[in-house]
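Enquirer: One structure coming up, written as structure tokens, with questions to follow.
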Amino acid sequence: MTDFQADSILVLLDLTPSGELTKSAAGLLGAAAGVGTPVALIVGAAGAGEQAAADAAALGATHVLVAEGAEAGAQVTVPGADALAAAAELVRPDAILVPNSIEGREVAGRYAARSRSGLAVDAVAVSRDAEGVVAHHSVYGGAYNVDSAVTWGAPVITVREGAVDARAEAQPVSTEQLAVEASGRRAAAIGRVDEAVVTSSRPELRGAAKVVSGGRGLGSEAQFALVEQLADVLGAAVGASRAAVDAGYVPQSYQVGQTGVSVSPQLYIALGISGAIQHRAGMQTAKTIVAINKDGDAPIFEIADFGIVGDLFTVVPQLIAALEARKA
Amino acid sequence: MKIVVLVKEVPDTYGDRKLNLQTGLADRAASDTVLDEIGERALEVALSYADANAGTEVVVLSMSPESAAATVRKGLAMGASSAVQVVDDALAGADLGLTAEVLAAAVQRIGYDLVIAGNESTDGSGGVVPAMIAELLDVPNATSLNSVEIADGEVRGERASDHGTMQVTAALPAVISITERLPDARFPNFKGIMAAKKKPFETLSLADLGVDAETTEASRSIMISLAEKPPRTAGTKIVDEGDAGERLAEYLVQNRLA
Ligand SMILES: Cc1cc2nc3c(=O)[nH]c(=O)nc-3n(C[C@H](O)[C@@H](O)[C@H](O)COP(=O)(O)OP(=O)(O)OC[C@H]3O[C@@H](n4cnc5c(N)ncnc54)[C@H](O)[C@@H]3O)c2cc1C
Ligand SMILES: Cc1cc2nc3c(=O)[nH]c(=O)nc-3n(C[C@H](O)[C@H](O)[C@H](O)COP(=O)(O)OP(=O)(O)OC[C@H]3O[C@@H](n4cnc5c(N)ncnc54)[C@H](O)[C@@H]3O)c2cc1C
């Protein structure tokens, strides 16, 4: 049996449907290493754990608990919560970190409700004070910084994906199969899974260093390609406004804003986006904001470091040509 | 079929949302409040099912300050059969755990076959309350649904997941949450607004629900510090005179962004 460090931080890692660690793993383990000793938990189908455990060790997990079972891919949320309960019982950590993904946060929610633990969601950083682990949040679209802690016990904290830059040192691989007793909680059954096709050459929106987003001003799905062309010249991820998503130019996963993804890149370029407050809520913490809009009164200009009043269909092709000329 | 729809009052996101720097609570006086758009969509799912299936009862449930009663009433004007509002001073600044416990207790008391919530609220945007309620009620959570089909003692739909979509099915009773892919809600019409005045509106306290907000058996999440960030200011703004693309390229290169 493994002895766990008194300052253990239990980290639930997400897997993709094909069984790889998701990109959030590095930041989560990095955050955990900053406040204690990271112990990872991987929940997946039988045989899924070995490679993922080795990858987790490379990202800083001192020990990896692997809960394998057929339920993992067959039921919504409950198998993850059962595994997290078993792991918390074994490790007795100072805090539990979970990715703030759809799957992750619901597992955290079920586990916190079951164990009556204090739950803090969407942290952008964690730290430790005399009383324990503290979660740092950026709320209302980044207008406020809020710190939260729990009244007692180990906090359950979901961490915004892509928000933590810290990385942990690689550790030797140490893996253990975790025996999980099923809670028998009623669960929804998972049927067909359609994995989204990932455009591998382009960075993921969450955590990207540069983002180029397009709005209703692009006018059509075909013309939205201009956003992608600029993104590819800059090595940026592609985002969109809700109006562009609603018009069917791009899938919902591209949406930046209050009800979409929150991004904090070095560079954010908004093309044909008016800058509604709900859009700004998801991008106004970007370091540098560039906006191109033909309406000089568009609110996006209020927060743009460099704003161009003009037609994006003339400005952007010229910009792409100029950037390509400099590269050549 | 009895459907409970969870609706929240939130600051109108078309205005600036403020937090009170002393109490850390949302400053409800500083901005207009509205029925959360995602809650309206959740109600629309229930109402369109009720339109097609006679004998469906739709109850809107909200945990909110007393002042939110008018907002909750909008749900009645849209077509819900009755409303329940949980109001208690001890709920000011309630964390996720307490919110879920209160809502689960109220749902239990109301009775239900199906609970419909938003996938995430526009103010807290935690996205966890529905799963927590499902845990407390010991029913399945079929959450984050892009489509909803209710039939034969079960609820089905397409779940928006982190890596694509999946088809999920849950036996009733169940808790579901829906995404903004579901249709916009109907507007209340004059007839609905008049009818709403006669519909049952029940106000419950924590004592009615047997929930103790102060219990030390549950660990609570508390805010320990709060700071407002200085607002962003505008930088350079130029009007395109035929060379704006070139000038932007220069700006990006100078700032090591390209
Ligand atoms: C800085 C800060 C300030 C906060 N200030 C407030 C505040 O002033 N007021 C406040 O209420 N909370 C406040 N909270 C707490 C936080 O918003 C939650 O605890 C909240 O009560 C519910 O979480 P959520 O909105 O994130 O729910 P989510 O999990 O995102 O909600 C999903 C769905 O659950 C249902 N639901 C959630 N809450 C309710 C409810 N109360 N009644 C009915 N249905 C509901 C709705 O259908 C909703 O669409 C604050 C948190 C922070 C970090
Ligand atoms: C509860 C709620 C949640 C929401 N969540 C989100 C969210 O997460 N993300 C989000 O983005 N929105 C969200 N919205 C919607 C938001 O209010 C706006 O409707 C939306 O952001 C508008 O998108 P847009 O800027 O692309 O479109 P518009 O506001 O229509 O702006 C299009 C802009 O393109 C410009 N334009 C047109 N043609 C050209 C051209 N040739 N060259 C240059 N400029 C041109 C126009 O001048 C205009 O400013 C939400 C709304 C609500 C109520």
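Enquirer: Within region A:36-51, work out how many residues are out of contact with any helix residue (DSSP H, G or I) (no Cβ under 6 Å at 6 or more places or on another chain) and open to solvent by 10 Å² or more (accessible area, probe 1.4 Å).
Expert: Number satisfying all stated conditions: 7.
Enquirer: For region A:231-296, give me every one of the strands (runs of 3 or more DSSP E) that falls completely inside it and has 2 or more residues that are under 26 Å from A:A196 (Cα atoms), among the hydrophobic types (A, V, I, L, M, F, W, C) and touching a strand residue (DSSP E or B) at 6+ places or on another chain (Cβ under 7 Å).
Expert: Hits in region A:231-296: A:237-240, A:267-271.
Conditions (1) part of a helix (DSSP H, G or I); (2) touching a Lys or Arg at 6+ places or on another chain (Cβ under 8 Å); (3) within 26 Å of A:V263 (Cα to Cα), marked per residue:
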| position | (1), (2), (3) |
| --- | --- |
| A:F4 | no, yes, no |
| A:V43 | no, no, no |
| A:A57 | yes, no, no |
| A:A83 | yes, no, no |
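Enquirer: Looking at the structure I just gave you, is A:E181 in contact with a His (Cβ under 8 Å, 6 or more places away or on another chain), open to solvent by 40 Å² or more (accessible area, probe 1.4 Å), more than 12 Å from ligand 2 (Cβ to nearest atom) and not aliphatic (A, V, I, L, M)?
Expert: Judged against the criteria, A:E181 is not a match.
Enquirer: May I ask you to list pairs of residues, at least six apart or on different chains, whose Cβ atoms are under 7 Å apart, with the first in region A:298-324 being more than 7 Å from every other protein chain (Cβ to nearest Cβ) and over 19 Å from A:K287 (Cβ atoms) and the second being among the polar types (S, T, N, Q) and open to solvent by 40 Å² or more (accessible area, probe 1.4 Å)?
Expert: From residues that are more than 7 Å from every other protein chain (Cβ to nearest Cβ) and over 19 Å from A:K287 (Cβ atoms), the pairs are A:A298/A:S274; A:P299/A:S274; A:I320/A:Q229.
Enquirer: With (1) closer than 30 Å to A:I102 by Cα; (2) at pLDDT below 95 as the list, and B:A70 as the residue in question, which single condition is left unmet?
Expert: Condition (1) is where B:A70 drops out.
Enquirer: Further, regarding this structure: Name the pairs: first residue in region A:101-126 and more than 7 Å from chain B (Cβ to nearest Cβ), second residue open to solvent by 30 Å² or more (accessible area, probe 1.4 Å) and part of a strand (DSSP E or B), Cβ to Cβ under 8 Å, at least 6 apart or on different chains?
Expert: A:A123/A:H136; A:V124/A:H136; A:A125/A:H136; A:V126/A:H136
Enquirer: Hey, can you tell me all the residues within region A:127-147 that are charged (D, E, K, R) and more than 7 Å from chain B (Cβ to nearest Cβ)?
Expert: A:R128, A:D129, A:E131
Enquirer: List the residue pairs whose Cβ atoms are under 6 Å apart, where the first residue sits in region A:236-263 and is more than 19 Å from A:I300 (Cα to Cα), the second is open to solvent by 40 Å² or more (accessible area, probe 1.4 Å) and basic (K, R), and the two are 6 or more positions apart or on different chains.
Expert: That search, which allows pairs on different chains as well, returns A:A236/A:K210.
Per-residue answers, yes or no, for (1) of a type in the set (D, E); (2) near ligand 2 (Cβ under 9 Å from one of its atoms); (3) open to solvent by 20 Å² or more (accessible area, probe 1.4 Å):
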residue	(1), (2), (3)
A:T259	no, yes, yes
A:I269	no, no, no
A:R280	no, yes, yes
A:F306	no, no, no
A:D311	yes, yes, yes
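Enquirer: Have a look at B:V102, B:V59, B:V129 and point out the one that is within 30 Å of B:F190 (Cα to Cα) and of a type in the set (A, V, I, L, M, F, W, C).
Expert: B:V59
Enquirer: When only residues in region A:297-318 that are assigned to a loop (DSSP other than H, G, I, E, B) and of a type outside the set (A, V, I, L, M) count, which is nearest to ligand 1 (Cβ to nearest atom)?
Expert: A:D305
Enquirer: Hand me the list of strands (runs of 3 or more DSSP E) wholly inside region B:172-258 holding 1 or more residues that are more than 7 Å from every other protein chain (Cβ to nearest Cβ) and under 21 Å from the mean Cα position of the chain (by Cα).
Expert: The qualifying strands (runs of 3 or more DSSP E) are B:174-178, B:201-204.
Enquirer: Follow-up. Got a number for residues in region A:216-248 being within 19 Å of B:D184 (Cβ to Cβ), open to solvent by 30 Å² or more (accessible area, probe 1.4 Å) and under 24 Å from the mean Cα position of the chain (by Cα)?
Expert: 3
Enquirer: Pick out the one residue from B:S144, B:S125 that is of a type outside the set (A, V, I, L, M, F, W, C), within 30 Å of B:K18 (Cβ to Cβ) and in a strand (DSSP E or B).
Expert: The conditions single out B:S144.
Enquirer: Which condition from (1) in a loop (DSSP other than H, G, I, E, B); (2) open to solvent by 40 Å² or more (accessible area, probe 1.4 Å) is the one that A:A321 breaks?
Expert: (1)
Per-residue answers, yes or no, for (1) facing chain B (nearest Cβ under 7 Å); (2) part of a loop (DSSP other than H, G, I, E, B); (3) in contact with a Gly (Cβ under 9 Å, 6 or more places away or on another chain):
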| residue | (1), (2), (3) |
| --- | --- |
| A:A149 | yes, no, yes |
| A:W152 | yes, yes, yes |
| A:E169 | no, yes, yes |
| A:R186 | yes, yes, no |
| A:E221 | no, yes, yes |
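Enquirer: So, A:V124, is that one among the aliphatic types (A, V, I, L, M) and closer than 26 Å to A:D165 by Cα or not?
Expert: yes
The values are calculated or read from the model by the stated rules, or taken from the named source; none is laboratory data. Since the structure is predicted, the reported quantities are computational estimates derived from the model, not experimental observations. A quick note on method: Cβ atoms are made from the backbone with ideal geometry, for glycine too, and the neighbour counts reach across all protein chains shown. Accessible surface areas use protein heavy atoms only, side chains included; no ligands, DNA or RNA. Shrake-Rupley method; radii C 1.70, N 1.55, O 1.52, S 1.80 Å.
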